1. Note down the magnitude of the dipole of region 1-48 about its Cα centre, charges +1 on Lys and Arg C-beta and -1 on Asp and Glu C-beta and zero elsewhere, to the nearest 20 debye.
2. Taking 0.36 nm per residue of sequence separation and subtracting the Cα-Cα distance, how much length would be gained by fully extending the chain between A104 and R5, in nm to one decimal?
3. Once label points are set 7 Å from the Cα along Cα→Cβ at both S33 and A178, what is their separation, rounded to one decimal in nm?
4. What is the sum of charges around I170, taking Lys and Arg as +1, Asp and Glu as -1, for the other residues whose C-beta is under 12 Å from the C-beta of I170?
5. Give the peptides 6-18, 54-66 in descending order of average Cβ contacts within 10 Å, highest first.
6. Based on the Cβ-Cβ distance of D22 and D72, what FRET efficiency does E = 1/(1 + (r/R0)^6) give at R0 = 25 Å, to the nearest 0.05?
7. What's the angle, to the nearest 10 degrees (0 to 90), between helix 2-27's Cα axis and the longest principal axis of the chain?
8. With a/c under 1.5 counting as rounded, go ahead and sort region 98-206 into rounded, prolate or oblate using the C-alpha gyration tensor (a ≥ b ≥ c being the square roots of the eigenvalues; past the cut-off, prolate if a/b is larger than b/c, else oblate).
Amino acid sequence: MSDLRRDKGKATRDRLVSTARDLFAERGYEGTSIEAVLAAAGVKRGSLYHHFPGKEALFDAVLDGLLRDIADSTEAAARAAGPDPAANLRAGCFCWLHLALDAAIQRIVLVDAPSVVGWRRVRDLDEQHALGRLRANLSRIATGGRLPEDQVDIMAHMLLAALGEAALLIARAEDQRAALVSATAAVTTLIDRLVSPAPSVAAITP
């Protein structure tokens, strides 16, 4: 019975988070009431408060899930780019910029999150889900001699911040597709300037 209750509780929580994600994306945080979430999810108020103390906590769970999904997607794109860590970096960055076209990410992550949970919480979640993966990628580049090793940490923070600003510009642009093209070109320039070219085969052959 304990396992059944646990599974039922998880299913209820997942349904609340999924429903809230759709409503927050469509209506924004201020335009979404607890009553609307309950009605759309088919969940009683007591069940919601069993999992979340209030609307802000529910939003935080939605935000946490979105940022985890973004990190997972960018990592998958990076891995698909092959063995070169610089190519992995570009692919992951480009994936994040493309995700900035998604309405849910725009409204929840880029627009509402800083005012609802605060910049510190957004930063903590970024560090939890994205910064470590970005740092690991840059460390691989540094190991190959294409980036000073003592700059890996600060470069990871700077690049994460730059990507966030580029994503926000895309979200706010009148022509978001055009903004994506411009942002991708700018990030390409940034990474090309940041990372030294890979050594040629002749240069590393004894």
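1. Dipole magnitude for region 1-48 comes out near 280 debye.
2. Full-extension gain reported as 32.6 nm.
3. In this crude spin-label approximation the distance works out to 4.0 nm.
4. Working: positive: R172, R177; negative: D102, E165, E174, D175.
Around I170, the charge tally is -2.
5. On the way: 6-18: 14.5, 54-66: 18.5.
For the peptides 6-18, 54-66, the packing ranking is 54-66, 6-18.
6. 0.80
7. Orientation of helix 2-27: about 70 degrees from the principal axis.
8. Oblate, since a/c reaches 1.5 and b/c is not below a/b.
Any read-out appearing in this document is the output of simple, stated calculations on the displayed coordinates, not a laboratory observation. These figures come from a predicted structure and were not determined experimentally. Heads up, the Cβs are rebuilt from the backbone with ideal geometry, glycines too, and the neighbour counts pull from every protein chain shown.
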